Structures are given as C-alpha cells and as structure tokens.
Amino acid sequence: MKFNKNKFKQIRKQQRWSLSELAKRSNISRISLSNWENGKTNPSEKKIRELAHFLNISVSEISNLETEHPISSDKLSSITADFISFADFDALKHKENMTALYSGITKMDKSIKNATTIINALTSSMHSIFYVKDNSQKYIMANKAFLNISFLNSNFNVLGKTDKNFFPSHEAVKIFNEDREVLLSCKPIVDREDYIPGTRKKRWGLISKIPILDKKNQILGIAGIIVDITERKKSEEQRLALINAINQLKECIWVAKVTNLKKNKYKVVYINDAIEKMSGAKKENFISDPELWMKFIHPKYKNKIKELRSSLEFPRHYQYKAIRQDTGEEYWRDDVTYKDGDIFFGIARDMSTLKQEIDNKLNNIAVRLLNEGVEVDVISKALEIPKEQLRKIKTKELL
C-alpha cells in the first residue's frame, strides 16, 4: 500500500485547508497529518479511506488503493422478498410482469427527463444568478445568468470547476471563504447586499447562500442566488438625493393620499423638514394627524379656511395668520393645495418677512397719497388698508 504525500498536499492546498483546520474538522490529529504529508509515517488503509471521504475525492487520488464501491442503503431482506415473488411467477405471468415493469420504467424515465427539462428551463430563464456547489466547493451547475457575468458561452460546462475558473483571485478567495463558512456552520446567508462578483463593482446584488442537506441532515453542498438590484439601487440613491434637496428648501412640500374627498380627509405620505421650523411642531405629528395644521390657524382666519375647503375647488390658495406651537409667535402663511386623481400635494410658505415688506411699501404709498390730500376712504379701498390704520399713519406724520 502506497500513500501519495505530494498529491495529498496538493489537494489540501487546492481546497484551502490548513493542517490545523483539517485536523479539527476531520478528527485526525494535526501531528499525524503533518507526518503523512512530510513522509515521516504512512497512514493506515482505514485512515486513507477516511481522509479521502472527508476531502470528497476518490481514494485512488492519494494512494494505490482501489475505490470502494458505494454501499446501497436498501435492505437486503426486501430485495430477497422481491426475488422470491418473481420466482413464483410462471412464464406468462413473468412476461406480463416484465412488460408492466418496462412500462413503469419508461414512464419514470420520461418523468425524470421532463423534470430535468423543467429545471433546466427554470434556471436558464431566471434573471437571477444561480449556482450549485458540492461540499468541496466544486461547481455542479450554474445557469445562463451566472455564465454571462463571466463572459462564458451558455454551453460552457461548469462541472468540477472552482471559483478561480470564473472570478479574479481576490473575489474567488472571498467567495470561497464565505461559502466555506456556510458549509461549516450550516447557517444560510440571506439577502446580503454587495457588488456582484465579476462585474468590477459596477452592479449591485442581493446575495443569498443556502446549505443543501441530505435526508440525514448532512451537508451535500450549497446553492447560491444573486438578484441584480443595480437599477433599484440607483433609484434609491436618486430618491435619497431628491429628498435631501427638498429638505434644504425653506418652503414646506407635502404629499397626501385622499381618503374622503367630500370631507377633505386624507393621509399624509410625505412632508419635508421645513414644516418643523415653520410650525414649531415635529413633522411626525403631521403624518399621524393631517388636520394638525388647522389647530395652528389664527382664530380670526379659521372660518375663512373652512369655507375655502368646503368648496372642493382646486388649486386652493390660502393666505392667513398662523401661530407657532413652540413659541406662540404669529406669522403669515401662504399655502397652495393641488389635486391629481386621489392625491393631494401642496406648498406652504412663511410669508411674514414678505408680508412685512409689502405692508411697509403700502404704508409709504399711503403716506404719499395722504400728503397729496387724497381722502382716507379712497386710499383704504384702493390699498386695502383699514381706515383706522390710515388715520394712525396720518396722525403720526402730522406729529
């Protein structure tokens, strides 16, 4: 019996096993493995077969031993019973039985071919990347989407290939280590967001890796699925950039879903940060209570706003005094509400500064008109300035 130490060392390194890790996982001492690899001692036939079984290779790859024939899991008693039952048949019955058996096998063969066709069709038509590896991390199959990222023909045979056959070395090492962790821990990775291997960090994917178990709950291999989310990622980045830009505005921008148009009922689905500075209340409060803004309207203007809302005409233009919740300060607001289908959206602005500027200009015009002898009633009607205010201005000017 001859042990091929060089071949063993080569396979160990190809599968990326350190002596310490291999000893730990195979239940063979590190000293023994080191001695075998260095030719100091030779393993027994039993140990060679155990080692080959663990490495998932033929025993003939590391020794001159013949490969063991796989042992059937079927019970000999049941096979014997079937044999005896066949032996009791006469020639005619036997022929009938063989015809039935052949027919059953033909149907089974057809079912297997159909199942294979369906599986191949599904994996080939999948937009997601899909592959299967055995427990030594050699590829069993991969779909067309997988081959596309490696610029390979759809007929390329992946059987027995490793990650190094498809990806740059640094990516191959990363994939190998991650898949190995799944195989060792039997814990799946679900929807890990990362760049798709082989795309030079140009495409994003949701990466899932699932251990495949046999009937005895032992690991057979691993299935990998990668869903391309590049376009979604770009859309999300654009959405966040847009939200950030809108939040820089001084104007309040809001969008709501109409729930009852006749009663002016709606649900706020978006509102930017400007509402907080304008109203003195948290924007979350407006999302939970869309009618909150009505509570901040100055009492003198509430009836006017209610009349405008009951008209159900759009766009609606409100100009009114409001009260900040946090300071109690009064300020002027200018709101416009639009309707598009079952969506409300609007813009609200703090007009206090502009209102003050307008009032100052109107007052200056009023002063000039008063100085020129224009009647108070005429100025009040033209400039919409209360008569009492004009009399105060006139008195102040005379002083």
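The values are calculated or read from the model by the stated rules, or taken from the named source; none is laboratory data. Since this is a predicted model, take the numbers as computed values, not measurements. Don't worry about glycine lacking a Cβ; one is built from the backbone with ideal geometry, like all the others, and counts go over all protein chains shown. Side chains included, ligands, DNA and RNA excluded: accessible areas come from the protein's heavy atoms. Shrake-Rupley method; radii C 1.70, N 1.55, O 1.52, S 1.80 Å.
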Point to revise | R0 of 22 Å, Cβ-Cβ distance residue 46-residue 212: FRET efficiency to nearest 0.05 | key: 0.15
Exercise for review: Could you tell me which of 246, 287, 229 has its Cα farthest along the dipole of the range 212-302 towards the positive end, charges placed at Cβ (Lys, Arg +1; Asp, Glu -1), taken about the Cα centre?
Suggested key: 287
Review point. How much accessible surface area, in Å² rounded to 10, belongs to the heavy atoms of residue 174 with a 1.4 Å probe?
Key: 110 Å²
Point to revise | List 349, 16, ordered by accessible area with a 1.4 Å probe, largest first | key: 349, 16
Study note, to complete from the structure: So, with points 7 Å from each Cα along the Cβ direction, the residue 164-residue 231 label distance in nm works out to 3.8 nm
Revision key, fill the gap. The pairs in 263/304; 234/283; 174/209; 282/304 lying past 20 Å Cα-Cα in this model are 234/283; 282/304
Study note, to complete from the structure: Inverse of <1/r> over all distinct C-alpha pairs of the range 161-203, i.e. the Kirkwood Rh in Å, gives 11.3 Å
Study note, to complete from the structure: Per the 1/(1 + (r/R0)^6) rule, R0 = 35 Å and r from the Cβ atoms of residue 323 and residue 260, FRET efficiency to 0.05 is 0.80
**Study point:** For the range 288-360 versus the range 155-178, the gap between their alpha-carbon centres in whole angstrom
**Key:** 62 Å
Check your understanding: Rounded to the nearest 10 Å², what accessible area does residue 353 show when all protein chains are kept and the probe is 1.4 Å?
Key -> 100 Å²
**Study point:** Cross-link reach list, aspartates and glutamates versus residue 361, counting only Cα pairs under 20 Å and skipping chain neighbours closer than eight places
**Key:** 334, 350, 372, 375, 377, 384, 388, 397
Exercise for review: For 317, 298, write out the residues from largest to smallest accessible area, computed with a 1.4 angstrom probe and no ligands counted.
Suggested key: 317, 298
**Study point:** Accessible-area value, residue 190, 1.4 Å probe, nucleic acids and ligands omitted, Å²
**Key:** 100 Å²
